[in-house]
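Student: Got a structure for you, written out below as structure tokens; questions coming shortly.
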Amino acid sequence: MDQLETAAGYNFASGHNPPPIDNARDAYRMPGVPLDAHILVIEDDAMIAWMVESLLEDLGFSAISLAASGEDAVAAALVRAPGLIISDIHLGPGMDGVAAAATIVSACSAPVIFITGYSIAQARPRVEAAVQGASLLRKPIQSAELETVIVHAFSARGAH
């Protein structure tokens, strides 16, 4: 993927092509996870957005869009419904990640993973009230942890 598909504000070359994907290996590693799912990453810090994108590519995903604000994420989701949302909670001025994800999920029922640099214990009540079944990860995100949460998000969504 030479040019990153962007949802809002970011338009940059990724600088590398992801390694070839062994679909049988990845399907075994992440059972029940559609690697062709469109993933919408909502993150206002470009460096963190790039890092999340890179982790997702390493896990075998290729349809990744980035949005720098809640408003841009909602607009992007209207154009192309996401199969998974990964969102920072705090996004600067305007709509935050919780409100954006709740708005998007009301239309498309995608699983949601929230990421935060703040206390998960403090964020959990608001997240659970806004988006049922959402997962929470604390920054910095580790690949193995992200993989586990993605598998859980898709398996929990499939159980409904």
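Student: In what order do Ile85, Ile120, Ile150 fall by count of nearby beta-carbon atoms within 10 Å, going from fewest to most?
Tutor: Ile120, Ile150, Ile85
Student: Residues with beta-carbon under 13 Å from that of Ala130, excluding Ala130: net charge, scoring Lys, Arg +1 and Asp, Glu -1? Numbers along the way, then the final one.
Tutor: Values: positive: Arg124, Arg126; negative: Asp96, Glu128.
Its environment carries a net charge of 0.
Student: Shape verdict for segment 36-158, please, from the Cα gyration tensor: rounded (a/c under 1.5), prolate (a/b greater than b/c) or oblate.
Tutor: Working: a/c = 1.13, a/b = 1.06, b/c = 1.06.
Cα axes put segment 36-158 in the rounded bin.
Student: Can you list residues from other chains, or at least 5 along the same chain, whose modelled amide H is less than 5 Å from the amide H of Leu136?
Tutor: Residues meeting the amide H criterion: Phe114.
Student: If you rank Leu40, Leu55, Leu84, Leu136 by fewest surrounding Cβ atoms within 10 Å, what's the result? Before the final figure, lay out the partial values.
Tutor: Numbers: Leu40 28, Leu55 20, Leu84 23, Leu136 17.
Placing the least packed residue first, the sequence is Leu136, Leu55, Leu84, Leu40.
All of the numbers you see were taken from the coordinates with simple rules; none came from a lab. Just so you know, these numbers come straight off a predicted model, no measurement behind them. Here the Cβ is made from the backbone with ideal geometry for all residues, glycine too, and neighbour counts use every protein chain on show.
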